[in-house]
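The values are calculated or read from the model by the stated rules, or taken from the named source; none is laboratory data. Predicted model, so just to flag it, every value in this text is computed and none were measured. Please note: Cβ atoms are built from the backbone with ideal geometry, for glycine as well, and neighbour counts cover all protein chains shown.
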Amino acid sequence: MATLELMSISKSFGSAKVLHDISLAIRDKEFVVFVGPSGCGKSTLLRIIAGLEEATSGQIMIGGEDVSTAHPVDRGISMVFQSYALYPHLSVYENIAFPLRVQKMEKAELDTRVQQAASILQLTDKLQLKPGQLSGGQRQRVAIGRSIVRNPKVFLFDEPLSNLDAALRGDMRVELSQLHRSLDATMVYVTHDQVEAMTMADRIVVLNGGHVEQFGTPMELYHHPRTKFVASFIGQPNMNLIPATVSAADATGVKVTLTGGHEMVLPVEGGRVAKGDKVEVGIRPEHVQIGDGGFPISVNVLERLGGVSITYGTLGDGVRFCASLPGDAAVEEGQPLALTVSPEDCHVFDASGDVLRRMSAPAIAANG
Amino acid sequence: MTEISQALPSGSAMPRTKTLSEAVFAWLLIGPAMLFIAVIVAWPLAETIRLSFMDAGLGGEEYVGLANYQELVESRKFHQTIIRTFYWMFLSVALKLVLGLIGATLLNAAVPGRGLFRVLVMPPWIIPMAIGMFGWLWLYNGYFGILSGTLMTLGITDGPFEFLAYKQSAFYSAVVADVWVGTPMVTLFFLAAMQGVSRDLYEAAWVDGAGRWYRFRRITIPQIMPVIVSMSLLSAIFTFNSFEIIWILTEGGPRGATTTLIVDTYKTAISNFKFGEGSARAVIIVILLGIFALLYLNVLKFVNRKYGTK
C-alpha cells in the first residue's frame, strides 16, 4: 500500500484545457473521493493516475516512486470501471483470474487468490456463472474482485455505483467502506454523487472546471466550505444563497441586509469586505427553524418525507429558499412563514464566491 | 376474467369478430410474400425435383426413375467434382476469413486516415462481378497481363505464362479472384463486430498488463466469434454456389480443373440441354448444402454456448 502524490498535473485535449495544475497528496490507506459535476475533469484525473491518459504536464508519484510515464501495470494500480468492463464470454472465475493469467501466474497460487477474493466478496457460489447471469451488484463485486487479486498499491474506482439502483447503491456504499477497512488500501474513488462522497471518503477533493475547489474531510467541507461552489455542492438539500448588502464590517463580524430587508450580524472574518459590498449569505436548509423575529418566506411547495418536511418558498423579491423542517411542522402551501437561523450557522461569500471564514463552527469540522 | 364474462354475457360476439378480422388481416399481410416464394422458390424447386427423375431435353421428357442419380453415384468424374467443390470452398473461405480478420483489425486500429482505407476496401464488392472478372482476365493474360510481365521481368519465368491455361494455376487463380470478391464483405462484417466490442474491455485488460496479441486473442476473437461463425457459413454458401467468377474466367476449364458442382450443373442442363441430369445435380447440391448448414447450425450453437454471455 502506498501514498499517491499528484504534482502540478495539467491536461489539454487539443486547445481545450481540462485540468489546471492539480497538486494533491493522498496518504497511505486513505479513501479519497473526487467529486464534482459532469465535465469537471474528475474522470480524466483518475485515468491519468491509471495511465490510461497521459498528462500534458506534471508528475505522479506512487509510494514515492515517479510513475508518470510508467505502463499501468507497472504503477501498481488497479481500476474498477463504471461499466464494470467484465469479459462477457468468460466465467466469473476467469474474469477475476484475468490479471493473474496475464502475469502467467502459477495455477495453484492463482486459484488461491481467486478463491480468496471470491470469499471476501461472497462470490464463491457464483464462480462458474457468466457475468450476464449476475445482478448489477454481483457484477460490480466481480469487477472489484478482479482488482483485488493483483494486490495493487492503489485502487481506482470510476463511478462504480452509478449503474445501480438507489437501494443497491446504498448497500454497496457500505460494502465498499467495509472493503476499504478490511483491505487497508489506498483508494481513489470518482463520483458525481455528493452523498457517496460524504459517506465513504476520509477526504474529499471537490473539482470544478478542472480546478481543485477544496480538499478536506467531509465535515470540514460541510462546515467550512472555502467557496460558494463547494458550499452549494456539499449538503442535501443544497445550501440557500441569499443576496445581501454589507452595512458594516470588521475583523470579528459583518452586518448585512438580506434581500427583503432583514438585517443580521454574522460572526465571520469581515476584513475583506466594506460597507456597500454585495455578498451572498449561505444558509443550510437544516439550520433554520420556525420562529418569530426572523425573515419571512412564502411557501410554494411542501414535501413531507415523514421525518422532515422539505419546504420550498421564496424570500423577498423572488429568491428561492429551501428549509428542512420537522416532519410535523405546522406549515401549509401558499401560507407565509417566519424562519429564524442562528448567526453562527450562516456562511458569507464575497462577490468572487470566496468564503469569509466563520469564527466558530462545530469541533467535528476541525478533526474530521 | 370471470367477472367480466359474467358481466358481459352477450358480449362474446365482439372478440370473435375481432379475431376473425385479425386472421384475415394477417393473411393479407403475408399473402404477397407467400405468393412470391411459391412462384420463384417452391415451384422451381418442385419442378427441378420432378425433372431429376426424367430424361428431359429439348425433344421432350421421359420418366427414367432414379437413373440420373444412379449415373451420378457411379461417375468418378462427378465424385471428383464434389471433392473439388469442397476444396474450392474451404480454401477460398479460409483465405477470406483470415484476410478479413487481418483487414478488419487494421481498419479498426486508430491510424490516421482510416476512414479512407475503409472506403478503399469496398470496390471489389461494389464493382459488378463481370467487370471485375474481365479485369482479372487481363491480369492473368500471358501476353498482356501485368502478372506474367512481372514474372518475366524478374526472371522467374522465361516466357509468357498463361495463368488460366494450366489445370493447377487456373484453379488457384480462380480462388484468388473469388477471394478478391468475397473478402470485403467479410472484412466489413468483422469490422462492425469489432467496433461493437466495448472500449472498456480493452482498457481494463491494458491496465491489467495484457499486450496487443493477448487482448486480440482473449477479447477480440471471443467477442466476435459468433459473427465469425455465421459469416463463415454465409461465405461458404456463397462460395459453394459461386458461378460467374469461374464461368467468366475459365468456363470450368481447362479440362474440368475449375468445374465445381454449380458449373457442372449449368454445363449439363443449359449448355448440353440435359435438363434431367442437370436437375439431379441441382438436387444433390441442395442436399449437400442442407447437410452442411445443419452441421454449421450445431457449431453455431456450441460457439454461442462457449462464447455467449450466458
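Output the residues belonging to segment A:273-301 that are buried (at least 18 other Cβ atoms within 10 Å of the Cβ) and either modelled with pLDDT under 90 or more than 22 Å from A:Ile234 (Cβ to Cβ) (or both).
The answer is A:Val273, A:Phe295, A:Ile297, A:Val299.
Counting residues that are in contact with a Pro (Cβ under 7 Å, 6 or more places away or on another chain) and farther than 30 Å from A:Asp345 by Cβ, which helices (runs of 4 or more DSSP H) fully inside segment A:130-234 reach at least 2? Talk me through it step by step, then tell me what you get.
Working: elements: A:136-148, A:166-183, A:194-200, A:218-223, A:228-233.
Passing ranges, in order: A:136-148.
Being under 11 Å from B:Leu249 (Cβ atoms), out of contact with any Ser or Thr (no Cβ under 6 Å at 6 or more places or on another chain) and in the same structural domain as B:Ala177 (by TED's automatic domain parsing) narrows it down to one of B:Leu154, B:Leu164, B:Leu137, so name that one.
Sole residue among the options that is under 11 Å from B:Leu249 (Cβ atoms), out of contact with any Ser or Thr (no Cβ under 6 Å at 6 or more places or on another chain) and in the same structural domain as B:Ala177 (by TED's automatic domain parsing): B:Leu137.
Say we look at segment B:212-241 and pick out the residues that are among the hydrophobic types (A, V, I, L, M, F, W, C) and within 13 Å of the chain's Cα centre (by Cα); which of these is nearest to the other protein chains (Cβ to nearest Cβ)? It would help to see each step written out before you state the result.
Taking segment B:212-241 and keeping what is among the hydrophobic types (A, V, I, L, M, F, W, C), we get B:213, B:216, B:219, B:221, B:224-225, B:227-229, B:231, B:233-234, B:236-238, B:240.
Keeping just the survivors that are within 13 Å of the chain's Cα centre (by Cα) gives B:229, B:231, B:233-234, B:236-238, B:240.
Values: B:Val229: 13, B:Met231: 17, B:Leu233: 20, B:Leu234: 22, B:Ala236: 24, B:Ile237: 26, B:Phe238: 28, B:Phe240: 30 Å.
Taking the candidates together, the pick is B:Val229.
A:Asp158: farther than 28 Å from A:Glu65 by Cα and surrounded by 15 or more Cβ atoms within 10 Å (Cβ to Cβ), yes or no?
Details: farther than 28 Å from A:Glu65 by Cα: no; surrounded by 15 or more Cβ atoms within 10 Å (Cβ to Cβ): yes.
Spelling it out, it is not the case that A:Asp158 is farther than 28 Å from A:Glu65 by Cα and surrounded by 15 or more Cβ atoms within 10 Å (Cβ to Cβ).
How about segment A:135-167: which of its residues are modelled with pLDDT under 85 and of a type in the set (A, V, I, L, M)?
If the condition is that a residue be modelled with pLDDT under 85 and of a type in the set (A, V, I, L, M), then A:Leu164, A:Ala166, A:Ala167 are the ones that fit.
Under 6 Å between Cβ atoms, which residue pairs at least 6 apart in sequence (or on different chains) link something in segment A:269-283 that is in a strand (DSSP E or B) with a partner that is of a type in the set (D, E, K, R) and modelled with pLDDT of 90 or more?
Close Cβ pairs (under 6 Å, with a partner that is of a type in the set (D, E, K, R) and modelled with pLDDT of 90 or more) amount to A:Val279/A:Asp350.
Does segment B:264-301 hold any residues that are within 30 Å of B:Val227 (Cβ to Cβ) and in contact with a helix residue (DSSP H, G or I) (Cβ under 9 Å, 6 or more places away or on another chain), and which are they?
Within segment B:264-301, B:Ile285, B:Val286, B:Leu288, B:Leu289, B:Phe292, B:Ala293, B:Tyr296, B:Leu297, B:Val299, B:Leu300 meet the criteria.
Please tell me if A:Lys130 is charged (D, E, K, R) and closer than 12 Å to A:Ile96 by Cα. Full working, then the answer.
Values: charged (D, E, K, R): yes; closer than 12 Å to A:Ile96 by Cα: yes.
Spelling it out, A:Lys130 is indeed charged (D, E, K, R) and closer than 12 Å to A:Ile96 by Cα.
Only one of (1) in contact (Cβ under 8 Å) with a residue 24 or more places away in the chain; (2) out of contact with any Gly (no Cβ under 8 Å at 6 or more places or on another chain) is not met by B:Pro124, so which one is it?
Single failed check for B:Pro124: (2).
Conditions first: (1) within 14 Å of another protein chain (Cβ to nearest Cβ); (2) under 22 Å from A:Ile62 (Cα atoms). A:Ile96 passes all but one, so which condition is the exception?
The number of the failed condition is (2).
Of (1) in a helix (DSSP H, G or I); (2) touching a residue at least 24 places away in the same chain (Cβ under 8 Å), B:Arg217 satisfies all except one. Which?
(2) is the only condition that B:Arg217 fails.
B:Val181 - would you say it is farther than 30 Å from A:Val73 by Cα, in contact (Cβ under 8 Å) with a residue 60 or more places away in the chain, within 14 Å of chain A (Cβ to nearest Cβ) and not acidic (Asp, Glu)? Please lay out each step first, then the result.
Numbers: farther than 30 Å from A:Val73 by Cα: yes; in contact (Cβ under 8 Å) with a residue 60 or more places away in the chain: yes; within 14 Å of chain A (Cβ to nearest Cβ): no; not acidic (Asp, Glu): yes.
Answer is no for this residue.
Looking at segment B:151-167, which of its residues are crowded, with 18+ Cβ neighbours inside 10 Å and not in a helix (DSSP H, G or I)?
B:Phe161
Among the residues in segment B:155-164, are any under 22 Å from B:Phe90 (Cα atoms) and at pLDDT below 90?
Yes, there is a match, as at least one residue in segment B:155-164 is under 22 Å from B:Phe90 (Cα atoms) and at pLDDT below 90.
Looking at B:Val197 and the list (1) crowded, with 20+ Cβ neighbours inside 10 Å; (2) within 14 Å of another protein chain (Cβ to nearest Cβ), which single condition is not satisfied?
Of the numbered conditions (1) crowded, with 20+ Cβ neighbours inside 10 Å; (2) within 14 Å of another protein chain (Cβ to nearest Cβ), the odd one out for B:Val197 is (1).
Suppose we filter B:Gly253, B:Gly209 for residues that are within 14 Å of chain A (Cβ to nearest Cβ) and assigned to a loop (DSSP other than H, G, I, E, B); which single one remains?
Going through B:Gly253, B:Gly209 in turn, the sole match is B:Gly209.
Quick one: which residue in B:Ala192, B:Ala170, B:Ala174 is in a helix (DSSP H, G or I), surrounded by fewer than 17 Cβ atoms within 10 Å (Cβ to Cβ) and not aromatic (Phe, Trp, Tyr)?
Of the residues listed, the single one that is in a helix (DSSP H, G or I), surrounded by fewer than 17 Cβ atoms within 10 Å (Cβ to Cβ) and not aromatic (Phe, Trp, Tyr) is B:Ala192.
Return yes when B:Pro44 is closer than 30 Å to B:Lys274 by Cα and either outside the structural domain of B:Lys267 (by TED's automatic domain parsing) or of a type in the set (A, V, I, L, M, F, W, C) (or both) and no when it is not.
Details: closer than 30 Å to B:Lys274 by Cα: yes; either outside the structural domain of B:Lys267 (by TED's automatic domain parsing) or of a type in the set (A, V, I, L, M, F, W, C) (or both): yes.
Yes.
Conditions tested, residue by residue: (1) more than 14 Å from chain B (Cβ to nearest Cβ); (2) under 25 Å from A:Val73 (Cα atoms); (3) crowded, with 17+ Cβ neighbours inside 10 Å.
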position: A:Thr112; (1), (2), (3): yes, yes, no
position: A:Leu129; (1), (2), (3): no, no, no
position: A:Arg139; (1), (2), (3): no, yes, yes
position: A:Val149; (1), (2), (3): no, yes, yes
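Please work out which residue is farthest from the chain's Cα centre (by Cα), limiting yourself to segment A:316-362 and to residues that are assigned to a loop (DSSP other than H, G, I, E, B) and within 15 Å of A:Pro267 (Cα to Cα). Reasoning before the result, please.
If we filter segment A:316-362 for residues that are assigned to a loop (DSSP other than H, G, I, E, B), which is where we start, we get A:316-318, A:327-335, A:342, A:346, A:350-353, A:357, A:359-362.
Narrowing further to those that are within 15 Å of A:Pro267 (Cα to Cα): A:342, A:346, A:350, A:357, A:359-362.
Numbers: A:Ser342: 27, A:Cys346: 22, A:Asp350: 24, A:Arg357: 21, A:Met359: 25, A:Ser360: 24, A:Ala361: 21, A:Pro362: 21 Å.
In this case the residue turns out to be A:Ser342.
Could you tell me whether segment A:77-91 includes any residue that is closer than 20 Å to A:Pro152 by Cβ, more than 9 Å from chain B (Cβ to nearest Cβ), touching a residue at least 12 places away in the same chain (Cβ under 8 Å) and not aliphatic (A, V, I, L, M)?
Checked against the condition, which is being closer than 20 Å to A:Pro152 by Cβ, more than 9 Å from chain B (Cβ to nearest Cβ), touching a residue at least 12 places away in the same chain (Cβ under 8 Å) and not aliphatic (A, V, I, L, M), segment A:77-91 yields no hits at all.
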